[in-house]
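A short write-up of the structure that comes next.
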Amino acid sequence: MPSSLSSVLERLGWILAAGALDYFLHVPSVFARNAHGLSVYILAIGSLTFVALNIYLLKIYPQTLDDRGRPRGPPDFRHWQRDFPRSIQIATVAGGASIISAVGILWSQFWLLAPVIVFLNIVGVVSFIGLF
């Protein structure tokens, strides 16, 4: 089995696992019922910051022009700290705050299963994005 086919099948497996868990445990309705207060704002701000940073680095930055007037191209990940010194810290804080608030929202219903549900959903979303 070629590695590309196996990686696609692995991604589809994570997506199906996250979707099945959400469907059978009714996670969206529990999330909607328990989502109120500060945790919702932290989740929204953290998620939007994380997504906006990724969109900027992967889609917008390559279209900007360098000193010679040519498109920069994709970011050079080998020189990540030099080119984007605060991006890793910002993404870590934003993602961590989102994860903690999502676990807090689901904790009242699922207790110790809440971190597992959040982890599977994150892996499912990342796997879905990785398909494109």
With every protein chain in place, the chain: carbon and sulfur % of accessible area (1.4 Å): 71 percent
Förster-model FRET efficiency, 30 Å R0, residue 119 and residue 82, C-beta, rounded to 0.05: 0.40
Accessible surface of residue 125 - all protein chains present, 1.4 Å probe, nearest 10 Å²: 90 Å²
Global geometry of the chain, whether rounded, prolate or oblate, following the gyration tensor of its Cα atoms and the 1.5 cut on a/c: oblate
Positive dipole terminus of the chain, leading residue within 117, 81, 51 (C-beta point charges): 81
Stretchable slack from residue 111 to residue 9, in nm (0.36 nm times residue separation minus alpha-carbon distance): 33.6 nm
Over the chain: helical MRE at 222 nm, DSSP H runs n ≥ 4 each giving -39500 (n - 2.57), nearest 500: -23500 deg cm²/dmol
Accessible surface of residue 25 - all protein chains present, 1.4 Å probe, nearest 10 Å²: 60 Å²
Heavy-atom accessible area order for 88, 45, 15, largest first, 1.4 Å probe: 45, 88, 15
Exposure rank, largest accessible area first [113, 58; 1.4 Å]: 58, 113
Linear extension gain, residue 92 paired with residue 60, 0.36 nm per residue minus alpha-carbon span: 9.5 nm
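The values are calculated or read from the model by the stated rules, or taken from the named source; none is laboratory data. All values derive from a computational prediction rather than experimental measurement. Neighbour counts are summed over all protein chains in view; Cβ atoms, including those assigned to glycine, are modelled from backbone coordinates with ideal geometry. These area figures cover heavy atoms from the full protein model, side chains too; ligands, DNA and RNA do not enter into them. Shrake-Rupley method; radii C 1.70, N 1.55, O 1.52, S 1.80 Å.
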